[in-house]
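Below is one structure, written out as structure tokens; comments come after it.
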Amino acid sequence: MATIQNKEQIAEVSKKLKKEQRTLAFRRIRSNYGLLIGASVLAILIILAVFGPMLSPYDPYEMKVVERLSEPGGAHVLGTDEFGRDLMTRLLYGARVSLGVGLAVALISSSLGLIIGVYAAYYRTLDHILMRICDGLIAIPGILLAIALMAALGASALNVIIALTIVFTPNIARVVRSSALVVREQTFIEAMQAQGASATRIIWLHIVPNTLSPLLVQATFVFAEAIISEAALSFLGAGIPAPEPSWGNILQASKLVIFKAWWMVVFPGAAVVLSVLSLNLLGDGLRDLLDPRVKQKQSK
């Protein structure tokens with residue numbers, strides 16, 4: 001009987017602890033305004049990118065020269081471009097391209113950076129080879145490296161993703177490596193090695209889970225940087241080729257009519273700024289949420 005009562009008490013205490021942990025986590029998220037604002041704005045942009053074009057009555061490629069450079073208002077809420085195409089429709093379709101490129105670059109570069117970083121941290125010989133390659137790529141300014149790669153590969157959305165992945169992977173690999181080096185020196189890793197656990201088991205079951213927090217934060221910043229880089233490449237004519245809409249090539253077209261049509265500059269520029277700002281707020285909020293030092297301060 002006493003054993004049964006002890007088990008029931010232990011179960012009750014564990015339930016209370018889990019409930020308190022959930023409550024504390026909810027409070028920390030609720031008090032993290034940067035995280036909430038960034039996630040909300042980003043969610044709105046993604047919803048607009050996915051469902052917005054379905055609601056628009058206009059074709060993003062249909063040209064109406066008679067309505068070229070129409071001011072915002074009336075049938076065209078955000079006005080028209082130099083070919084009479086509805087600007088709001090092109091911005092919504094462009095959001096799919098720009099956000100899609102940014103998300104793809106963040107996911108692929110994070111995956112590659114994770115693999116490179118953890119294996120470089122675990123194998124010292126491999127570390128010297130992989131990190132010297134990363135150092136060489138980091139030494140080249142990112143936008144110049146991206147332009148050179150686009151010149152070699154050709155202008156297309158897929159090639160933009162490939163070029164930007166090559167640019168951002170070394171930075172993520174170094175972040176993951178620094179976290180993995182700390183984990184590798186922990187006592188429980190030495191215990192696993194002493195018990196004869198394989199390197200693959202140690203890396204993927206024990207080291208990788210402990211590097212996901214900084215990786216997640218870094219991925220949000222790479223997402224934001226990829227959006228800016230795609231816009232810069234398209235603005236320079238080395239990114240998404242026209243007439244496919246993206247925020248970058250809409251801005252590129254606006255430079256010819258900047259003094260006649262202010263809306264061609266303001267609205268796509270605001271879309272880029274808003275998306276990057278929301279991702280930076282989200283990344284800062286995640287860093288504060290996942291940083292153990294911040295947790296300790298908030299718990300005191």
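Taken together, the values in this text are just the output of simple stated rules run on the coordinates, not laboratory data. The model shown is predicted, which means the values in this text are computed figures rather than measured ones. Heads up, the Cβs are rebuilt from the backbone with ideal geometry, glycines too, and the neighbour counts pull from every protein chain shown.
Okay, helix-only estimate at 222 nm for the chain: each DSSP H run of n ≥ 4 adds -39500 (n - 2.57), divide by all residues, round to 500 deg cm²/dmol; what do you get? Kindly include the intermediate steps, with their values, before the conclusion.
Details: 12 runs with 224 residues, N = 300.
So the helix-based figure for the chain works out to -25500 deg cm²/dmol.
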Compute the FRET efficiency between Ser31 and Asn210 as 1/(1 + (r/R0)^6), taking r as their Cβ-Cβ distance and R0 = 22 Å, and round to the nearest 0.05. 0.30
As an exercise, identify the GluC sites (Glu not before Pro) in segment 36-102 lying in DSSP coil whose Cβ has no more than 16 other Cβ atoms within 10 Å. Glu62, Glu82
Just want the ordering: Asp284, Asp291, from fewest to most Cβ atoms lying within 10 Å of their own Cβ. Asp291, Asp284
Normalising by the residue count of segment 82-299, find the relative contact order in percent from Cα pairs under 8 Å and 6+ residues apart. 27
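By how many nm would the segment from Asp135 to Glu12 lengthen if fully extended, with 0.36 nm per residue of separation less the alpha-carbon distance?
Going from the current span to full extension adds 39.0 nm.
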What is the distance in Å between the Cα centroid of segment 132-183 and that of segment 96-129? 9
Count the net charge of all other residues whose Cβ sits under 14 Å from the Cβ of Cys134, scoring Lys and Arg as +1 and Asp and Glu as -1. +1
Taking mean projected area of the Cα convex hull in nm² as the quantity of interest, determine which of (i) 15.3; (ii) 22.3; (iii) 26.5 was computed from the displayed structure. (ii)
Magnitude of the Cβ-charge dipole (Lys and Arg +1, Asp and Glu -1) of the chain about the Cα centre, nearest 20 debye, reported as 1260
Per the rule of 0.36 nm per residue minus the C-alpha distance, extending Ile143 to Leu158 adds in nm 3.7 nm
Farthest positive-ward along segment 72-132 dipole, Cα basis, beta-carbon charges - from Gly117, Gly94, Val77: Gly117
Name the long-range amide H neighbours of Arg85: under 5 Å, sequence gap of 5 or more, or other chain; modelled H, no Pro or chain starts. Lys64
Please give, to one decimal in nm, the separation of the simple spin-label points placed at Glu82 and Ser56, each 7 Å out from Cα toward the Cβ. 1.9
Which order, highest average first, do 159-171, 100-112 follow once you tally other Cβ atoms within 10 Å for each residue and take the mean per peptide? 159-171, 100-112
Phi-derived 3J(HN,Hα) across segment 181-197 with the Karplus relation (6.51, -1.76, 1.60, θ = phi - 60°), rounded Hz, x for Gly and Pro, is 4, 5, 5, 4, 8, 6, 5, 5, 5, 4, 5, 5, 5, 5, 7, x, 5
Just give me a number: lysine pairs in the chain, eight or more positions apart or cross-chain, with C-alpha atoms less than 18 Å apart. 6
Could you give each residue of segment 98-103 its phi-based ³J(HN,Hα) in whole Hz, using Karplus coefficients 6.51, -1.76, 1.60 with θ = phi - 60°, and x for Gly or Pro? 5, 5, x, 5, x, 5
Could you let me know the centre-to-centre spacing of segment 261-294 and segment 196-257, using Cα atoms, in angstrom? 14
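How high is the FRET efficiency between Trp262 and Ile44 when r is their beta carbon distance and R₀ equals 22 Å, given to the nearest 0.05?
Calculated value: 0.35.
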